[in-house]
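*Asks:* What follows is a single structure, and I will ask about it in a moment.
What follows draws every value from the coordinates through simple rules; no lab data is involved. Small disclaimer: the values here were computed from a predicted structure and weren't measured. Reconstructed Cβ throughout: ideal geometry from the backbone, glycine too, with neighbour counts over all protein chains shown.
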Amino acid sequence: MKKFFFALICTFLLGAAFSQSAFAQDPTPPTDDEVNAIAKHIYCPVCENTPLDVCPTEACRNWREQIRSMLAEGKTEDEIMQYFVDQYGDRVLGAPPATGLNWLVYLIPPLVILLGAIILFRALKGWTQPKQAEAGSGAASGGLSNQDEYIQKFEEELKKRK
Amino acid sequence: MNETNETIKKRGVPVWIQIMIWAGLTGLLALVAFGLNRRQNPMAELNQPVPDFELVFYKDYEYNQTASLKLSDLRGKVVLINIWASWCKPCEQEAADLEKAWQGYQPANDVIFIGVDYVDTPAGAFQYLKKFDITFPNAPDLKSNISSILNRQMGVPETYLIDRAGVLRQIKIGPFTSQAEIQAFIAIAE
């Protein structure tokens, strides 16, 4: 009985060892979705303005295969992106990296919007203030009271006619 | 009348703010111009010396077992630079003729062929080089630096002939159609 259990355990252990080696030799290859998740952030210089994940050219197909093989090697997304930047330059990225002169791309638009908002605010303030001032001066000189008197007379005339 | 003038003065942007805005804009333009100027590669022109650049060769496709060299290191020799890519079908038309021509020039070590692989993957490049039994030195065009300096005109393939003094003598756009055409192209600089 002991021999039987010993043989059974050995069989399980050997089976487990072989199955592990089989998995190691044949790892699951990266799927198209995994490849495209990275490819959509990359632009091939040959087909400008077309993201790598939807570009049908031979050059882009090669680039996607490069991503696939790097994923299979266990490289991270950052490592893969860095490889493409090192090989082909910053222009393969969808957005310029925030370094050096590129900072202007990120700074200027919000600054221009802020400046525009300030100018708009000042202009709106300038348009509304004179009207208030005119209205204020009209009230001070008795303009409204004159109008009231006129309306009063007008209503009296109407009553008489009735 | 005085009231109107006062209103105009109140509405206008103060002079010191105007000066600051103009100074800021001028400074910004100067910064952008400086940055662009620094980034821009010098470009080769016909009958002018070619600006220097570095070649980092593919493994097994080095020049005299040297992993990298500068174009200026080849001064005194005629240099033919062929820009190609594994995804480029017209490049395949001339690949065999280029290799045959190289076999003819290689023993004299006076005319050097260098392949520059444009926007390509190493796997694709090696497959292409093996497919056409290419033996002359080949290097990737890292960050498209070399094609940018050589002022690539249209696409790939393009071939540039540099004479012994480092002057760009001729440009061929598109593939060579025969070995004789390659020899005639080189003869101008010999």
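*Asks:* What are the ³J(HN,Hα) couplings of the stretch A:41-56, residue after residue, when phi is run through the Karplus curve with 6.51, -1.76, 1.60 and θ = phi - 60°? Round to Hz, x for glycine and proline.
*Replies:* 9, 10, 10, 6, x, 6, 10, 4, 6, 10, x, 4, 5, 10, 7, x
*Asks:* HN-Hα J couplings of the stretch A:73-90 from phi, Karplus 6.51/-1.76/1.60, θ = phi - 60°, integer Hz, Gly and Pro as x?
*Replies:* 6, x, 6, 7, 4, 4, 5, 5, 4, 5, 4, 5, 5, 5, 7, 10, x, 4
*Asks:* Once you place label points 7 Å from the Cα toward the Cβ at residue A:61 and residue A:161, how far apart are they in nm?
*Replies:* Once both label points are built, they end up 9.1 nm from each other.
*Asks:* Over chain B, what is the relative contact order in percent, taking alpha-carbon pairs closer than 8 angstrom and at least six residues apart?
*Replies:* Once normalised by length, the contact order is 27 percent.
*Asks:* Please report the antiparallel percentage of the DSSP beta bridges confined to the stretch B:54-187, to the nearest 5.
*Replies:* 60
*Asks:* Still on this structure, I have one more. Residue A:93 to residue A:114: FRET efficiency via 1/(1 + (r/R0)^6), r the Cβ-Cβ distance, R0 30 Å, to the nearest 0.05? Walk me through the numbers on the way to the answer.
*Replies:* Working: r = 27 Å, r/R0 = 0.89.
Given R0 = 30 Å and the Cβ-Cβ separation, E is 0.65.
*Asks:* What is the spin-label model distance, in nm, from residue B:29 to residue B:64 if the labels are put 7 Å beyond Cα along the C-beta direction?
*Replies:* Reported label-point gap for residue B:29 and residue B:64 is 5.1 nm.
*Asks:* Express the relative contact order of the stretch B:63-151 as a whole percentage, based on alpha carbon pairs under 8 Å and six or more residues apart in sequence.
*Replies:* 33
*Asks:* Convert each backbone phi in the stretch B:73-89 into a coupling constant with the Karplus relation 6.51 cos²θ - 1.76 cosθ + 1.60 (shift: θ = phi - 60°), then list the ³J(HN,Hα) values in order as whole Hz, x for Gly and Pro.
*Replies:* Karplus-based 3J(HN,Hα) across the stretch B:73-89 equals 5, 9, 4, x, 10, 7, 10, 10, 10, 10, 8, 9, 7, 5, 8, 9, 5 Hz.
*Asks:* Can you list the residues, at least 5 places off or on another chain, whose amide H is less than 5 Å from the amide H of residue B:151, using H built in the peptide plane?
*Replies:* So residue B:151 has HN proximity to B:44.
*Asks:* Can you tell me, using C-alpha contacts under 8 Å and at least 6 residues apart, the relative contact order of the stretch B:121-190 as a whole percent?
*Replies:* 21
*Asks:* Let me ask something additional. Once you have the Cα-Cα distance between residue B:21 and residue B:188, take 0.36 nm times their residue separation minus that, and quote the gain in nm to one decimal.
*Replies:* Working: separation 167, 0.36 × 167 = 60.12 nm, distance 5.74 nm.
Answer, rounded to one decimal: 54.4 nm.
*Asks:* Between the stretch B:57-105 and the stretch A:78-129, what is the C-alpha centre distance in whole Å?
*Replies:* Between the Cα centre of the stretch B:57-105 and that of the stretch A:78-129, the gap is 42 Å.
*Asks:* Sticking with this structure for a sec: Using R₀ = 51 Å, calculate the FRET efficiency as 1/(1 + (r/R₀)^6) where r is the Cβ-Cβ separation of residue A:85 and residue B:132; round to 0.05.
*Replies:* On the way: r = 30 Å, r/R0 = 0.58.
After rounding, the FRET efficiency stands at 0.95.
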